[in-house]
1. Residue check, residue 107 against (1) of a type in the set (Lys, Arg); (2) in contact with an Asp or Glu (Cβ under 7 Å, 6 or more places away or on another chain); (3) under 27 Å from residue 146 (Cα atoms), all met but one. Which one?
2. Among the residues of region 97-146, what is the count of those that are free of Cβ contacts under 8 Å to residues at least 24 places away in the same chain and in contact with a Lys or Arg (Cβ under 8 Å, 6 or more places away or on another chain)?
3. Out of 108, 162, 145, report the one residue that is farther than 22 Å from residue 49 by Cβ and open to solvent by 10 Å² or more (accessible area, probe 1.4 Å).
4. Residue 106: of a type outside the set (Lys, Arg) and within 22 Å of residue 131 (Cα to Cα), yes or no?
5. Kindly indicate which of 125, 71, 129 is farther than 19 Å from residue 19 by Cβ, buried (at least 16 other Cβ atoms within 10 Å of the Cβ) and at pLDDT 95 or above.
6. Pull out all pairs, ordered by first then second residue, where Cβ-Cβ is under 6 Å, the residues are six or more apart or on different chains, the first lies in region 23-42 and is closer than 14 Å to residue 53 by Cβ, and the second is of a type in the set (Val, Ile, Thr).
7. Do you know which residues across region 74-99 are closer than 24 Å to residue 158 by Cα and surrounded by 18 or more Cβ atoms within 10 Å (Cβ to Cβ)?
8. Can you tell me which of (1) hydrophobic (A, V, I, L, M, F, W, C); (2) open to solvent by less than 80 Å² (accessible area, probe 1.4 Å); (3) within 27 Å of residue 169 (Cα to Cα) is the one residue 59 doesn't meet?
Amino acid sequence: MLTDPAPHDSDLAGFRESDRMTTLDLPENDSLATIARSIETALNAEQTANIRRACADFVRIAAQFYEVPDCNVRVFAARPLKVREQWTMELFGDYAPETMVIRVWMRTAVRKEITSFGTFLSTLCHEFCHHLDFQKFKLADSWHTRGFYERAAVLYHHARGTPRKRLVWAPMSRGRWRIDWQRTRRSTEGVS
């Protein structure tokens, strides 16, 4: 995962604010983890209607906790695949702030296999964090900053019921950063 380049205009302050916010308040109960287990069960059984229902429950409960408007979730089959001469890209999910709609895909683009639960839940949390950027934090845009990825990881690990790992960042050109997954996975330093 690569961060977005910093904007060169009036949005720079919002970008920096997003980068500084590295955590989220979390519900003290296990309601999101319970719903996440329902998503996992439905994914494993390939029960599309139950996946859609559980995803809608997840974002509804999360929206209530964060005191933001609810958003809609649409779950689609195979991920879109864009192929160009120099690159290929799969779309795992997206969020449309104008309509407050999250879209997630439950099957891989090429083999059409069910997405792993971890990848699917991570995508749902990621897209919900875009919703929070607009609705809770009132940012002008929802950039992929280090702070954004940290917030999404906090929500994901809470919902998954797994210990949070410290994300390790590697600098890239033009002020961008990427997650160093190898070092992050090796990190024994959990974050509470």
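The values are calculated or read from the model by the stated rules, or taken from the named source; none is laboratory data. If you're wondering where the values come from, they're calculated on a predicted model, not measured in any experiment. Using ideal geometry, Cβ is built from the backbone for each residue, glycine included, and neighbour counts are taken over all protein chains shown. When the accessible area is computed, the model is the full protein with side chains, heavy atoms only, and any ligands, DNA or RNA have been set aside. Shrake-Rupley method; radii C 1.70, N 1.55, O 1.52, S 1.80 Å.
1. Against the list (1) of a type in the set (Lys, Arg); (2) in contact with an Asp or Glu (Cβ under 7 Å, 6 or more places away or on another chain); (3) under 27 Å from residue 146 (Cα atoms), residue 107 comes up short only on (3).
2. Qualifying residue count, region 97-146: 1.
3. 162
4. Yes.
5. 71
6. Within 6 Å, the pairs are 42/51.
7. If the condition is that a residue be closer than 24 Å to residue 158 by Cα and surrounded by 18 or more Cβ atoms within 10 Å (Cβ to Cβ), then 75, 92, 93, 95 are the ones that fit.
8. Answer for residue 59: the failing condition is (3).
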